[in-house]
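Written out below as structure tokens is the structure these notes cover.
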Amino acid sequence: MRPNLLELAVNAKAVNSKLFSLPRVLIMSALEELQGESATFRELKNGLGLNDGTLYANLKVLGKMGYIEEKGVRLGNEEMTSYRITRHGLEDFAALRAWLERWGGGHG
């Protein structure tokens, strides 16, 4: 059954609107797929095709929201920052995914 717009709007209250942006959804999706492992800035940039500024700004916002953790790591002779999704991030991303699937499920 196709959900109506009012129902979708009411259900959207369970979704954090600050998470609902393409770069943040891409970042969260990539980190979710790692199942608790982390990814470096360089890995995320190469995998997602985001520019440095967009990636950095959105990683900072996601960190402030408690959705990701960052940690310094040494790879060879280089110091890098790695990012991992938190439990809180997984929970809220699951809510967003469910809302998006409900929205998408009503079309097509």
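The values are calculated or read from the model by the stated rules, or taken from the named source; none is laboratory data. The shown structure was predicted, so the numbers you read here are calculated from the model rather than taken from an experiment. Every residue, glycine among them, receives a Cβ derived from its backbone with ideal geometry; neighbour counts consider all protein chains shown.
Observations on the structure shown:
- Count of residues meeting criterion [of a type in the set (A, V, I, L, M) and either outside any helix (DSSP H, G or I) or over 22 Å from Glu79 (Cβ atoms) (or both)] in the stretch 31-47: 2
- Matching residues, the stretch 40-81, being farther than 13 Å from Ile27 by Cβ, among the hydrophobic types (A, V, I, L, M, F, W, C) and surrounded by 12 or more Cβ atoms within 10 Å (Cβ to Cβ): Val73, Met80
- For Leu96, the conditions (1) modelled with pLDDT under 95; (2) under 15 Å from Asn16 (Cα atoms); (3) more than 12 Å from the chain's Cα centre (by Cα) are fulfilled apart from (3).
- Odd one out for Glu91 among (1) farther than 17 Å from Leu59 by Cα; (2) part of a strand (DSSP E or B): (2)
- Residue match in the stretch 61-69 (condition: in a helix (DSSP H, G or I), modelled with pLDDT under 95 and either within 14 Å of the chain's Cα centre (by Cα) or among the hydroxyl-bearing types (Ser, Thr, Tyr) (or both)): no
- Qualifying positions in the stretch 71-88 - of a type outside the set (Val, Ile, Thr) and in contact with a Leu (Cβ under 7 Å, 6 or more places away or on another chain): Tyr83, Arg84
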